[in-house]
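In what follows, a single structure is set out as structure tokens and then discussed.
The values are calculated or read from the model by the stated rules, or taken from the named source; none is laboratory data. Since the model is a prediction, treat every value here as computed from it, not as a measurement. Here the Cβ positions follow ideal geometry from the backbone for every residue, glycine too, while neighbour counts run over all protein chains shown.
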Amino acid sequence: MINALVLAYDFPPYNSVGALRPKSWFDHMHEFNIRPIVVTRQWNSSENNLIDYVNFSVNDKPQIQNLENGVIIETPYKPNISNKIYLRFGKKKFSLIRKIISFYFEVFQFVFLIGPKKEIYFSAREYLKKNNVDIIIATGEPFVLFHYAKKLSNEFNIPWVADYRDPWFNDSDRGPLIKRVIFDKFMEKKVVKTALFITTVSELFKKYISENIKSKKIFIIENGFDSDAIEEIQDIPQNSKVLTISFVGTIYKWHPINSIFSTLNKIINANPEFKIKFNFYGVNDPEKLKENISVNYPEIQSFMHFYPKMNNKKLLSELRSSNTLLLFNYYSFMGTKIYDYLGINRMILFCFKNDNEANELKNKWYNYKNDENFNINPQIDLLNKTNSGIIVENNDHLYDTLLELNEIFKKKKLIPVLEYNNSNYSRREQCKLLCENIIYYL
């Protein structure tokens, strides 16, 4: 059996999208003749809040779990000076000083073994001194894990794989342009050119990576849904009391949420008997959304329901009991939400294909540049391929669609959705593809 050392900063119990990808590898690699050894950091809880993210770990020594599927090594976490200031004084004080310190660590962690993430490198190195490993996989970000993988690869003569969940230098969220173009671009090329091959989640990200890394094979390993978790909720029926639409996760600035609210507002004003339940699960800044609704769309206030973050099993159960799932347009990239929606097998309401407000927000806030030679919309392609959703053109089309769905619901007490073979979109199948590439290249 092949031994694969996986460097993954996000990993359960931390509840993040980034944690699900390496967790699926740990769950399924053994099925394809690969034994994973995951090196991650200790997480004190599953909460996605900043305090949990930067707080001291409970244990100051690595915690090792030898499990049936493989090994999990949880390394201690010690916050840097910036995070210690945050923990003591809160986010409003000394923000400039904290940013300067964070910038220092962000840059110089690639030069010296400094910063809170270095414990992953040290624990991985100790494991390699005593155990045989055939390949190293680093999943980023944080992209300093790529740097650690390269160092370990050089020292122990083990090939490594660079797995991108997001772009590196050409991601506008990763700091000032001058830092990204001068430092990140150089460091990305220097580090990743030593990888055996590269994996990423979409064609768009493959394109971005290839702009800087031109000589490496890049394979698409999509995210997918957790087939084991989906299997546990298959018997949960749709709600039959009131038409229920659910949304989970982050609402970005380029998401046309006000188009949704204003359309519902118009429907309620024109059809006082119209009933709907709109559920928001674990959204960012729910209080701001509530205030927006209260001030600008008071007629729909009683139909809006907000729920805090919850564990994945409970969340999937809640979504499975919904009649329809709201999905915003991510344009040139797929996102992760669509896969869970496909696994849950409920009607997907895709908003929007060509809405005026949505287009304005995209032009103002969307992170990824337009490319005339790369004009794709993979979400629409996938929804059409699986016949699993309604592609809503704009807010006028949404108005008509919601009325039609309500009539269907009143007659059938559910929203029909076609059964289709969704197994190709499971994380297990994507893990299989990754393992096949590893075995082939070794």
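Couple of notes before you dig in:
- The residues on offer are L128, L96, L67, and the sole one that is loosely packed, with under 14 Cβ neighbours inside 10 Å, under 26 Å from E31 (Cα atoms) and hydrophobic (A, V, I, L, M, F, W, C) is L67.
- Taken over the stretch 341-367, the criterion of being touching an Asp or Glu at 6+ places or on another chain (Cβ under 8 Å) and part of a helix (DSSP H, G or I) is satisfied by G343 alone.
- Some residue of the stretch 123-139 being within 14 Å of A8 (Cα to Cα), touching a helix residue (DSSP H, G or I) at 6+ places or on another chain (Cβ under 9 Å) and assigned to a helix (DSSP H, G or I): yes
- Lone qualifier among D10, D60 - being in a loop (DSSP other than H, G, I, E, B), in the same structural domain as L145 (by TED's automatic domain parsing) and either over 24 Å from the mean Cα position of the chain (by Cα) or free of Cβ contacts under 8 Å to residues at least 24 places away in the same chain (or both): D60
- Looking at S317, S322, just one residue is of a type outside the set (V, I, T), assigned to a helix (DSSP H, G or I), in the same structural domain as L405 (by TED's automatic domain parsing) and within 22 Å of V242 (Cα to Cα), and that residue is S317.
- Residue tally, condition loosely packed, with under 14 Cβ neighbours inside 10 Å and of a type in the set (V, I, T), over the stretch 26-63: 1
- Single residue of S102, S82, S45 found to be touching a helix residue (DSSP H, G or I) at 6+ places or on another chain (Cβ under 8 Å) and closer than 30 Å to K314 by Cα: S45
- Whether a residue is closer than 26 Å to M310 by Cα, small (G, A, S) and not in a strand (DSSP E or B) was assessed, and S82 does not pass this test.
- For the stretch 279-311, the tally of residues that are under 19 Å from N269 (Cα atoms) and either touching a Pro at 6+ places or on another chain (Cβ under 9 Å) or of a type outside the set (S, T, Y) (or both) stands at 10.
- Residue within the stretch 208-225 that is buried (at least 18 other Cβ atoms within 10 Å of the Cβ), of a type outside the set (G, A, S) and under 26 Å from P308 (Cβ atoms) present: yes
- The set of residues from the stretch 209-249 being part of a loop (DSSP other than H, G, I, E, B), out of contact with any helix residue (DSSP H, G or I) (no Cβ under 9 Å at 6 or more places or on another chain) and touching a residue at least 40 places away in the same chain (Cβ under 8 Å) comprises just one member, N239.
- Any hit, the stretch 421-434, residues being modelled with pLDDT under 90, under 20 Å from the mean Cα position of the chain (by Cα), of a type in the set (F, W, Y) and crowded, with 19+ Cβ neighbours inside 10 Å: yes
- For first residues located in the stretch 385-406 and in the same structural domain as E360 (by TED's automatic domain parsing) and part of a strand (DSSP E or B), partners that are among the basic types (K, R) and surrounded by fewer than 18 Cβ atoms within 10 Å (Cβ to Cβ) and lie 6+ apart or on another chain with Cβ distances below 8 Å form the pairs I391/K353; V392/K353.
- Residue match in the stretch 270-284 (condition: among the aliphatic types (A, V, I, L, M), under 20 Å from N356 (Cβ atoms) and either in contact (Cβ under 8 Å) with a residue 24 or more places away in the chain or touching a Phe, Trp or Tyr at 6+ places or on another chain (Cβ under 6 Å) (or both)): no
- Residues in the stretch 90-106 that are assigned to a helix (DSSP H, G or I) and either more than 19 Å from T139 (Cα to Cα) or in contact with a His (Cβ under 7 Å, 6 or more places away or on another chain) (or both): 11 in all.
- Residue in the stretch 294-309 that is among the acidic types (D, E) and either touching a residue at least 40 places away in the same chain (Cβ under 8 Å) or in a strand (DSSP E or B) (or both) present: no
- Residue within the stretch 72-88 that is in contact (Cβ under 8 Å) with a residue 60 or more places away in the chain and farther than 30 Å from I439 by Cα present: no
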